[in-house]
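The structure appears right after this line, and notes come after that.
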Amino acid sequence: MTTFAPYKILHIELSEGIPTLTAEAKYQGLYAIFWWYGIPLGHREIPTVELPTTAFSLYHLIVQTITPTVGDRLLEHGFKAALPVISENPSRDKPVDLHALMALQQPLKQLQENCSQPVSGSVSVVICTRNRPQQLAQCLRSLSDLSQRPEQIIVVDNAPADDATRQVVAQMPGIQYLLEPRPGLSVARNTGIRHSTGDIIAFTDDDAIVHPDWIIRLQQGFHEPKVMAVTGLMLPAELETEAQLIFHRGSGGPGWGSILLG
């Protein structure tokens with residue numbers, strides 16, 4: 001029987017420089033997530049056998065990792081993930097334009113500017129929950145740290161066994177509590193939708209911790225009038241158990257090519 005060892009999650013903000021990475025006894029490796037001024041660009045599992053690694057070696061690994069995401073955002077075609085729909089843009093299937101790629105000047109700066117576009121549209125956040133007050137409290141605390149607060153935050157208490165969820169919400173100002181006695185996630189979501197007043201309705205799970213820029217990035221996703229729905233990037237909070245690692249790998253991991261932030 002093999003003994004499981006966890007992965008340490010490491011967030012690396014590239015604007016602050018590239019560090020030297022070392023191994024830690026408890027972990028079988030690092031799960032590194034690369035950011036540029038709060039914009040997630042890619043991730044990479046770095047096993048202990050590849051550690052320590054110098055900043056120079058890590059630099060080349062980072063370039064390989066983040067290029068598809070940066071190219072997807074800055075080039076007209078190429079670097080596009082295959083979608084299970086018929087694309088209206090035939091250029092999606094064209095190969096990468098090498099000349100366009102070589103012509104990019106300061107691509108990360110361009111990416112930052114593209115992600116700083118003005119936002120509009122009010123947002124209602126809906127959280128459906130059932131008998132998980134501790135996880136919900138953690139989620140609501142993360143919402144209090146948003147860089148842009150939504151117009152409305154709704155908690156839908158779905159067929160609860162007690163009033164623990166109501167008590168959690170009562171301790172946090174500005175949260176709207178709704179009791180939905182009929183069990184079922186779809187029922188709970190529809191209840192939240194009926195009571196939402198925002199132009200955009202955003203759902204998150206009761207055990208999620210949202211990024212401070214979550215609302216801003218969602219609003220930016222609706223910049224084009226034809227966009228009717230967007231999804232968000234989900235990153236693991238920890239990889240301390242074998243089940244967590246299996247779930248993370250089995251879900252295919254984050255969709256870096258098509259999503260900037262969730």
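None of the figures in this text is laboratory data; all of them are computed from the coordinates on show. Being a predicted model, the structure only gives us computed values, none of them experimental. Cβ atoms come from the backbone with ideal geometry, glycine included; neighbour counts cover every protein chain shown.
Contact order for segment 19-67, expressed relative to its length and based on alpha carbon pairs under 8 Å spaced 6+ residues apart, stands at 43 percent. Each Lys or Arg adds one and each Asp or Glu subtracts one; over the other residues with Cβ under 11 Å from the Cβ of Val168, this totals 0.
Dividing the mean sequence gap of close Cα pairs (under 8 Å, 6+ apart) by how many residues segment 142-232 holds gives a relative contact order of 36 percent. State whether segment 154-230 is rounded, prolate or oblate according to the following rule on the C-alpha gyration tensor (a ≥ b ≥ c being the square roots of its eigenvalues): a/c under 1.5 gives rounded; otherwise a/b larger than b/c gives prolate, and the remaining case gives oblate. The shape class here is prolate. First select every other residue whose beta carbon is under 13 angstrom from the beta carbon of His195; then total the charges, Lys and Arg +1, Asp and Glu -1. With Lys, Arg at +1 and Asp, Glu at -1, the neighbours total -1. For segment 93-198, the relative contact order works out to 29 percent when only alpha carbon pairs closer than 8 Å and six or more residues apart are counted. About its Cα centre, the dipole of segment 123-222 is roughly 120 debye, where the only charges are +1 on Lys and Arg Cβ and -1 on Asp and Glu Cβ.
Loop exposure criterion: trypsin sites (Lys or Arg not before Pro), DSSP state outside H, G, I, E and B, at most 11 other Cβ atoms within 10 Å. Applied to the chain, the longest stretch between such sites is 27-225. Loop-located GluC sites (Glu not before Pro) across segment 1-49 with a Cβ neighbour count of 16 or fewer within 10 Å are Glu24, with loop assigned by DSSP. Taking the centroid of alpha carbons for each part, segment 200-232 and segment 177-191 are 21 Å apart. GNM on the chain, alpha-carbon springs under 10 angstrom: the most fluctuating residue among Gln167, Gln219, Gln28 is Gln167.
Rank Gln171, Gln110, Gln220 by mean-square fluctuation in a GNM of the chain with C-alpha springs under 10 angstrom and give only the top-ranked residue. Of the options given, Gln171 has the highest mean-square fluctuation. From helices alone, the chain scores -9000 deg cm²/dmol at 222 nm; the rule is -39500 (n - 2.57) for each run of n ≥ 4 DSSP H residues, then divide by the residue total.
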